[in-house]
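The next block holds one structure in the form of structure tokens; read it before the comments.
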Amino acid sequence: MDNKPPFTYPALYDFPPFFTKQPNSQTWQSQLSNWVKLLLAYCKHNRIWILSPDGTPLTATSNDDDSDNEEFVPSTESIFNNEKIQRSIKPDMSLEILNTMVSQGKAKWKDPKNHKMGIYIYWYSLEAWADMIYDWIENTGQQNSVLTIYEIRKGELGHNQEFHNMDMDMFISVLELMVKKGQAQLIRDEDGSIAGIKVV
Amino acid sequence: MGMKKLGLNSFNNISQEQKQFQDLGQSFLQSQANQLETQIQVFQNALISFAKQHREEISSNAKFRIEFSNVCRSFNVDSLRVLKGDEESRKGASKNDTFYYGLGVRIFQICQETKDINGGLLSVSELTKVLNADADPVFGKFSREDAMKSVEYLKQLGDEIQIVTIGKKEYLKTIPQSLNTDEVKVIEVCGLMGFVSIGLLRDNFGWKSYRAKSVVDDMVSNGILWIDDQDEHERLFWDPAWINR
């Protein structure tokens with residue numbers, strides 16, 4: 001059961017022009033950065049890993065969901081559409097916002113050639129995720145032992161951690177970054193797939 | 001190899017003991033944090049009553065004031081609010097330059113920070129909302145009068161901030177150019193409805209369309225109005241002061 005309070009939208013979200021691209025470039029820059037801030041906070045609150053380009057969640061997990069069903073969708077509401085004031089942003093504007101996030105390292109298209117696949121929203125940078133997992137392993141005294149991916153992502157010990165239930169592909173990216181940073185070694189199965197990691 | 005087994009066996013990796021240790025550690029940290037919190041609160045209250053007793057000295061002695069502000073900062077206490085005091089003790093207090101200059105600087109910062117959104121025209125009611133966003137009930141709120149007086153103080157330093165009254169609303173203006181009468185009219189209407197449109201200006205004030213269009217277009221390019229193309233009839237021009245109404 002997920003009983004956290006609903007997301008609190010900023011006052012700007014109920015301001016109708018927030019949904020029309022502003023012609024004044026300085027105003028637009030401020031509008032854009034407010035959209036980026038909103039998307040990050042919204043995805044963090046709802047634990048959305050992958051957002052569809054139309055603003056609905058593609059992959060999201062509640063912290064308490066221990067089933068392996070990662071595709072469950074908490075809502076079909078789009079962040080880009082405000083029912084209350086009957087305003088929604090046009091696809092070219094949302095695309096510009098998402099691409100800005102990509103250029104800032106705050107998001108990444110799952111497949112740049114096929115936007116329908118969705119976009120990873122990094123409400124923490126990969127770097128920050130890597131540090132968070134590293135610190136957790138260290139603080140719980142699990143360094144130098146081999147941990148399976150399941151143990152980190154789904155294990156009971158980490159079930160109150162923010163990375164709990166992280167999207168699998170995103171999780172692999174974090175692990176690969178940890179290896180690159182020299183924080184961990186990957187342990188591979190006979191078939192070459194990643195079986196676990198060992199923090200060194 | 002000395003490694004743990006992979007696969008199903010590894011699910012038993014988390015021993016009950018390990019989990020208990022973690023729980024214990026967490027409850028220990030929690031109680032430590034609670035204790036610290038109480039201690040800080042006690043100290044914050046002491047700072048406030050100290051400020052009440054020594055307000056005169058704090059504002060007259062620069063060296064003392066700086067030291068006091070430093071102590072406040074390290075305990076996460078807003079020295080401005082402490083110096084402001086509560087309503088009661090302030091009635092008898094003499095005019096406090098330190099307070100008004102300090103608040104003036106903060107108001108100037110808020111004007112700068114919101115300029116990209118409102119084009120340099122900030123309503124005083126919105127300003128007091130921002131100033132009191134994290135208001136602590138102990139100190140009371142910054143009032144409109146506090147804000148206006150601080151702006152008067154800033155005027156001694158230059159003309160960057162001006163107070164303009166449009167309709168029944170007061171605004172702080174940080175743009176150098178003055179507003180012409182048509183622009184003032186537009187802002188006045190916005191103060192009532194949040195927006196104007198060319199049709200609305202034409203029908204209510206008898207303006208020709210090109211006059212209305214040139215006024216609002218100018219205001220958009222100055223960042224004072226935002227456009228909204230999703231009304232069913234015509235483009236609306238919104239006053240950003242409406243965001244936090």
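Observations on the model:
- Qualifying residue in the range B:53-64 (condition: crowded, with 18+ Cβ neighbours inside 10 Å and at pLDDT 70 or above): yes
- Exactly one residue among A:Ser52, A:Ser25 is assigned by TED's automatic domain parsing to the domain that holds A:Ile85, over 23 Å from B:Arg245 (Cα atoms) and in contact with a helix residue (DSSP H, G or I) (Cβ under 8 Å, 6 or more places away or on another chain), and that residue is A:Ser52.
- Only one of the listed residues (B:Ser150, B:Ser197, B:Ser178) is within 16 Å of the chain's Cα centre (by Cα) and not basic (Lys, Arg). That residue is B:Ser150.
- In the range A:10-23, the qualifying residues are those that are at pLDDT 95 or above and not in a helix (DSSP H, G or I), and the one that is farthest from the other protein chains (Cβ to nearest Cβ) is A:Lys21.
- The range B:229-245 residues that are more than 9 Å from chain A (Cβ to nearest Cβ) and farther than 16 Å from A:Ser88 by Cα, paired with ones that are assigned to a strand (DSSP E or B) and of a type in the set (S, T, N, Q) (beta carbon under 7 Å, 6 or more apart): B:Ala241/B:Ser123
- When A:Ile85 is tested against the conditions (1) away from chain B (no Cβ under 14 Å); (2) of a type in the set (Val, Ile, Thr); (3) over 30 Å from A:Ile187 (Cβ atoms); (4) surrounded by 14 or more Cβ atoms within 10 Å (Cβ to Cβ), the lone failure is (1).
- Residue pairs meeting the criteria (Cβ under 7 Å; at least 6 apart or on separate chains; first more than 11 Å from B:Leu121 (Cα to Cα) and at pLDDT 90 or above, in the range B:171-193; second among the acidic types (Asp, Glu) and part of a helix (DSSP H, G or I)): none
For every residue, the table says whether it meets (1) assigned to a helix (DSSP H, G or I); (2) surrounded by fewer than 20 Cβ atoms within 10 Å (Cβ to Cβ); (3) out of contact with any Ser or Thr (no Cβ under 9 Å at 6 or more places or on another chain).
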{"position": "B:Lys149", "(1), (2), (3)": "yes, yes, yes"}
{"position": "B:Gly158", "(1), (2), (3)": "no, yes, yes"}
{"position": "B:Ser178", "(1), (2), (3)": "no, yes, yes"}
{"position": "B:Glu183", "(1), (2), (3)": "yes, no, yes"}
{"position": "B:Cys190", "(1), (2), (3)": "yes, no, yes"}
{"position": "B:Arg202", "(1), (2), (3)": "yes, yes, no"}
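- Put simply, of A:Ser103, A:Ser94 the only residue that is buried (at least 18 other Cβ atoms within 10 Å of the Cβ), under 28 Å from A:Glu127 (Cβ atoms), at pLDDT 95 or above and among the small types (Gly, Ala, Ser) is A:Ser94.
- Restricting the range A:154-169 to residues that are surrounded by 20 or more Cβ atoms within 10 Å (Cβ to Cβ) and farther than 21 Å from B:Phe21 by Cβ leaves a set whose member that is nearest to the other protein chains (Cβ to nearest Cβ) is A:Asn165.
- The requirement of being at pLDDT below 95, within 27 Å of A:Asp111 (Cα to Cα) and surrounded by fewer than 14 Cβ atoms within 10 Å (Cβ to Cβ) is fulfilled nowhere in the range A:37-54; no residue meets it.
Rundown of residues vs (1) within 25 Å of A:Pro17 (Cα to Cα); (2) within 14 Å of chain B (Cβ to nearest Cβ), yes/no style:
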{"position": "A:Met93", "(1), (2)": "yes, yes"}
{"position": "A:Val102", "(1), (2)": "yes, no"}
{"position": "A:Trp136", "(1), (2)": "no, yes"}
{"position": "A:Tyr150", "(1), (2)": "no, yes"}
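- Taking the conditions (1) free of Cβ contacts under 8 Å to residues at least 40 places away in the same chain; (2) out of contact with any Ser or Thr (no Cβ under 8 Å at 6 or more places or on another chain); (3) within 10 Å of another protein chain (Cβ to nearest Cβ) in turn, A:Pro5 satisfies each one other than (3).
- Inter-residue pairs, beta-carbon under 6 Å, first more than 11 Å from chain B (Cβ to nearest Cβ) and in the range A:181-199, second aromatic (Phe, Trp, Tyr), 6+ apart: A:Gln183/A:Tyr134
- Residue check for B:Phe108: over 30 Å from B:Gly223 (Cα atoms) and at pLDDT 75 or above: no
- Some residue of the range A:106-119 being in contact with a strand residue (DSSP E or B) (Cβ under 9 Å, 6 or more places away or on another chain), more than 14 Å from chain B (Cβ to nearest Cβ), surrounded by 15 or more Cβ atoms within 10 Å (Cβ to Cβ) and farther than 22 Å from A:Tyr42 by Cα: no
- Of the residues making up the range A:24-54, those that are in a loop (DSSP other than H, G, I, E, B) and closer than 19 Å to A:Asp169 by Cα are A:Arg47, A:Ser52, A:Pro53.
- Check on B:Lys213, in contact (Cβ under 8 Å) with a residue 12 or more places away in the chain and either within 25 Å of the chain's Cα centre (by Cα) or within 13 Å of chain A (Cβ to nearest Cβ) (or both): no
The values are calculated or read from the model by the stated rules, or taken from the named source; none is laboratory data. This one's a predicted model, so the numbers in the text were calculated from it and none came from an experiment. Don't worry about glycine lacking a Cβ; one is built from the backbone with ideal geometry, like all the others, and counts go over all protein chains shown.
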